[in-house]
Amino acid sequence: MTELRADIKCAIRNQVSQAVDETLITDIHTHIYPHTFEALLLWGIDELLTYHYLIAETMRYLDMGYEHFWALPKRAQAELVWKTLFIERSPVSEACRGVLTTLEKLGLDVSKRDLEAYRKFFAEQKVDKYIDKVFELARVKCVVMTNDPFDDTEIGYWLDSRQRDERFRAALRLDALLNSWHTAVPKLKEWGYNVSSEINSQTVSEVRRFLVEWLNRMNAVYMAVSLPPSFAFPEASPRGQLISECILPTARETGKPFAMMIGVKKLTNPALRLAGDSVGKANIDVVEYLCANYPDVKFLVTMLSRENQHELCVAARKFRNLHVFGCWWFLNNPSLIDEITRMRLELLGLSMTPQHSDARVLDQLIYKWAHSRRIIAEVLTDKYADLAAAGWQATEQEIRRDVGALFGDNFWRFVG
């Protein structure tokens, strides 16, 4: 293989960067909502600063008791995070840099370090127009939400007839159903489903009815659940029974994929609340078993542990009903995104979705995609340069086709 001339690689880099920058993204997993969902939509500087990544980082420096922190008003929490992470120290972490990228791309002067000026800017925004601005800056076409019918606040928004924003697609989240069956049963009964704690034929029939009704009500793209590293299947637990007798048959009958996000250890430090979750290595055998034994069911899978990424790629090589996506949660850091994206391209080619934002605050779409685009562009540049050195020069049209596949077309093709 001949060494590639510098001018050729420069031309490839320019073509790739332009394609990556200009392609509109389908963000296939987020926790954000349209403005019609009112309080569920988080946005603005105080929400950015009180994101759980930043809270966990802040508490490493403080002697303050956790409950003292939580008792503070959100505005005071944000000021404490700002003072601790941005003023008293350089904001070098990815979560801190993300806040600065967001502010800078919104046209604010981060060099002034003026929290009150940033608050004034956000106070002047009209939320519906601001959503348009964020989508435009992030160059996001649409997002897939996380929609939990067991959430007392959210369910009301699905039961009324308010107008929907088509840029926000639904995903039926099933954590309460699968991971907390004993608390799901009373709610299902309250809603008119004839279920019991025992997972008998009547309960199975009613849970399936619940799934189909809510998939239709939401027009959900897929069903989803987050799972611990200890997740096993098959298993004689309520979760195992519900997956085998309700979730998988419904996925088969409706064609809706079952998305599994595996590896989260909930509340390792309960005092940190949402910031207290951790990570553990999961067993890839579970994914392989499901794909092999349910070939007519589509599985979307992301795993939280870095140590699981190579095994997951190899599993995806064996099963075309498995679609690997994103660098989730603790993996959403530049060095790991680079490493994992390179590995996936080398093992899977273009048959995956390299990233999703997992944004909980609307504004995070701006920085998460700005940072990820840059890394993905650099990785793709190296891969196309390798091809060129071997005598295969990808055209600009081919590069745009490939980037479009990675940024949404693969996902929509998979979900059907």
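The values are calculated or read from the model by the stated rules, or taken from the named source; none is laboratory data. Please read all numbers here as calculations on a predicted model, not as lab measurements. FYI the Cβ positions are ideal-geometry reconstructions off the backbone, even for glycines, and counts take in every protein chain you see.
Here are the numbers for this structure:
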| item | result |
| --- | --- |
| Qualifying position, being of a type outside the set (Gly, Ala, Ser) and either touching an Asp or Glu at 6+ places or on another chain (Cβ under 7 Å) or at pLDDT below 95 (or both), among ARG164, ARG169 | ARG164 |
| Residue list for region 143-188, restricted to those being within 30 Å of ALA236 (Cα to Cα), touching a residue at least 40 places away in the same chain (Cβ under 8 Å), of a type in the set (A, V, I, L, M, F, W, C) and out of contact with any helix residue (DSSP H, G or I) (no Cβ under 6 Å at 6 or more places or on another chain) | ALA171, LEU174 |
| So VAL204, is it assigned to a loop (DSSP other than H, G, I, E, B) and in contact (Cβ under 8 Å) with a residue 12 or more places away in the chain | no |
| Residue ID - farthest from SER305 (Cα to Cα), chosen from residues in region 271-287 that are surrounded by fewer than 17 Cβ atoms within 10 Å (Cβ to Cβ) and without any contact (Cβ under 8 Å) to a residue 40 or more places away in the chain | ASP285 |
| Candidate set from region 245-259 (those that are surrounded by fewer than 19 Cβ atoms within 10 Å (Cβ to Cβ) and not β-branched (Val, Ile, Thr)); member that is farthest from ARG413 (Cα to Cα) | GLU245 |
| Single residue of ARG320, ARG360 found to be in a loop (DSSP other than H, G, I, E, B) and within 20 Å of PHE411 (Cβ to Cβ) | ARG320 |
| Members of region 74-124 that are within 15 Å of LEU54 (Cβ to Cβ), acidic (Asp, Glu) and either surrounded by 15 or more Cβ atoms within 10 Å (Cβ to Cβ) or touching a helix residue (DSSP H, G or I) at 6+ places or on another chain (Cβ under 7 Å) (or both) | GLU79, GLU94 |
| Complete set of residues in region 330-349 that are outside any helix (DSSP H, G or I) and surrounded by fewer than 18 Cβ atoms within 10 Å (Cβ to Cβ) | ASN333, GLY349 |
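Conditions (1) in a loop (DSSP other than H, G, I, E, B); (2) surrounded by fewer than 23 Cβ atoms within 10 Å (Cβ to Cβ); (3) without any contact (Cβ under 8 Å) to a residue 60 or more places away in the chain; (4) not aromatic (Phe, Trp, Tyr), marked per residue:
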residue: THR26; (1), (2), (3), (4): no, yes, no, yes
residue: HIS29; (1), (2), (3), (4): yes, no, no, yes
residue: ALA39; (1), (2), (3), (4): no, yes, no, yes
residue: LEU42; (1), (2), (3), (4): yes, yes, no, yes
residue: LEU48; (1), (2), (3), (4): no, no, no, yes
residue: ALA56; (1), (2), (3), (4): no, yes, no, yes
residue: MET64; (1), (2), (3), (4): yes, yes, yes, yes
